[in-house]
Amino acid sequence: MATMLALVGGAHIHTPGFIDRINKRSDVQIKYVWDHDPVRAQKRAEALNSQSISVLDTIWNDASIQGVIICSETDRHEPLVLAAAGAGKHLFVEKPLGMGAVDAYRMADAIKKAGILFQTGYFMRGNPALRLLKEQIEAGSFGKITRYRHTNCHSGSLGGWFDTEWRWMADQSQAGCGAFGDLGTHVLDIMLWIMGKVRNVTASLDTATRRYGDIDEFGEGLLKFDNGCIGSLAAGWVDVAHPVSLILSGTEGHAYIANGQLFIQSPKIPGADGKSPWTDLPPAWPHAFELFLDALTGKDHAPLVNAHEAAYRSAVMEALYTAAEQQTWITPL
């Protein structure tokens with residue numbers, strides 16, 4: 001019998017992709033769809049062959065619903081997450097978890113207290129090259145890491161991706177961020193996953209096309225990690241190409257990713273001379289959303305992102321935005 005779920009909010013640009021993944025599985029089924037916009041709720045329900053409802057308590061009070069998928073606007077996450085946790089429903093919440101530190105930590109505390117499964121959409125953790133780099137850094141193959149640059153960019157503003165259905169994502173009052181936070185949160189997750197916590201951060205953000213008013217369309221951040229590494233993070237919606245996504249420098253090694261290929265130089269890794277792409281990689285993990293569904297249905301799965309990890313990413317991103325606004329360095333909560 002399929003595990004019963006509910007879709008709570010279908011606003012996020014990734015929702016159609018999640019619907020496609022659900023429809024391809026036989027072990028999960030969406031019983032209800034709710035959204036504050038009844039037209040959108042009906043549209044998502046039809047795509048899932050499920051029932052559109054207008055009363056959220058229908059979901060919270062239905063014992064057959066084991067988990068919920070929250071893809072609402074970010075500013076609507078907190079009441080939905082707190083209600084779901086209070087009802088004991090397992091949770092997938094699309095990134096970012098919160099608008100900032102306060103709401104994100106409140107949600108994380110409620111999730112931990114409820115003892116429920118949690119996952120968010122940080123899919124980059126399953127990338128084979130990033131998995132290998134994390135393993136080799138932990139093994140000491142690069143020595144002391146001094147500099148780490150990670151970027152995530154696309155041409156969303158140039159292509160008008162947020163002109164219509166996804167317009168809320170270019171409204172900071174609903175999304176909590178612009179391009180820098182939207183795309184930057186993915187590489188921020190990887191940077192924190194690999195390097196640990198930060199001491200303080202600063203950033204500079206700007207707009208290029210003004211297609212969406214004053215919302216940031218690109219930005220650069222600097223992060224001072226507790227371990228002494230200096231990190232730089234870039235993200236934007238106005239890039240026509242994105243050939244080099246990562247550069248990592250250590251006292252005993254170097255790595256970079258260009259056009260999706262990993263290059264490594266380290267005397268501690270046999271054959272890693274940096275001259276040709278490194279192909280001896282671990283297998284990719286399933287998408288973060290699939291990992292949640294696998295965990296929910298009792299299948300073996302890679303580690304999930306815990307709720308306090310997700311909250312810390314919201315806190316660091318909020319600090320980056322505050323630092324950009326105040327033109328100073330900020331210590332995240």
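For this structure, a couple of remarks:
- Residue within segment 63-82 that is at pLDDT 95 or above, over 21 Å from the mean Cα position of the chain (by Cα) and in a helix (DSSP H, G or I) present: no
- Residue match in segment 146-154 (condition: in the same structural domain as G219 (by TED's automatic domain parsing), hydrophobic (A, V, I, L, M, F, W, C) and buried (at least 18 other Cβ atoms within 10 Å of the Cβ)): yes
- Any hit, segment 290-300, residues being assigned to a loop (DSSP other than H, G, I, E, B), touching an Asp or Glu at 6+ places or on another chain (Cβ under 9 Å), under 21 Å from F123 (Cα atoms) and of a type in the set (S, T, N, Q): yes
- L82 vs. criteria in the same structural domain as G115 (by TED's automatic domain parsing), in contact (Cβ under 8 Å) with a residue 24 or more places away in the chain, surrounded by 15 or more Cβ atoms within 10 Å (Cβ to Cβ) and under 18 Å from F289 (Cβ atoms): no
- Odd one out for S64 among (1) surrounded by fewer than 23 Cβ atoms within 10 Å (Cβ to Cβ); (2) in contact with a strand residue (DSSP E or B) (Cβ under 7 Å, 6 or more places away or on another chain); (3) without any contact (Cβ under 8 Å) to a residue 60 or more places away in the chain: (3)
- Taken over segment 313-333, the criterion of being among the polar types (S, T, N, Q) and either outside any helix (DSSP H, G or I) or more than 17 Å from the chain's Cα centre (by Cα) (or both) is satisfied by T322, Q326, Q327, T328, T331.
- Residues (charged (D, E, K, R) and without any contact (Cβ under 8 Å) to a residue 40 or more places away in the chain) located in segment 225-263: D226
- The single residue among G260, G253, G219, G228 that is of a type in the set (G, A, S), surrounded by 14 or more Cβ atoms within 10 Å (Cβ to Cβ) and either under 30 Å from A319 (Cα atoms) or within 20 Å of the chain's Cα centre (by Cα) (or both) turns out to be G219.
- Considering the conditions (1) assigned to a loop (DSSP other than H, G, I, E, B); (2) buried (at least 23 other Cβ atoms within 10 Å of the Cβ), G140 is excluded by exactly one of them, (2).
- Tabulated pairs, segment 180-196, first farther than 12 Å from H150 by Cα and free of Cβ contacts under 8 Å to residues at least 24 places away in the same chain, second among the basic types (K, R) and buried (at least 24 other Cβ atoms within 10 Å of the Cβ), C-beta under 9 angstrom, 6+ apart or interchain: none
- In segment 85-103 there is at least one residue matching the filter, namely being in a helix (DSSP H, G or I), in contact (Cβ under 8 Å) with a residue 12 or more places away in the chain, over 20 Å from C177 (Cα atoms) and not assigned by TED's automatic domain parsing to the domain that holds W161.
- Condition check for T209: free of Cβ contacts under 8 Å to residues at least 12 places away in the same chain and either part of a loop (DSSP other than H, G, I, E, B) or basic (K, R) (or both): no
The values are calculated or read from the model by the stated rules, or taken from the named source; none is laboratory data. Predicted model, so just to flag it, every value in this text is computed and none were measured. Note: ideal-geometry Cβ built from the backbone for every residue, glycine included; neighbour counts use all protein chains shown.
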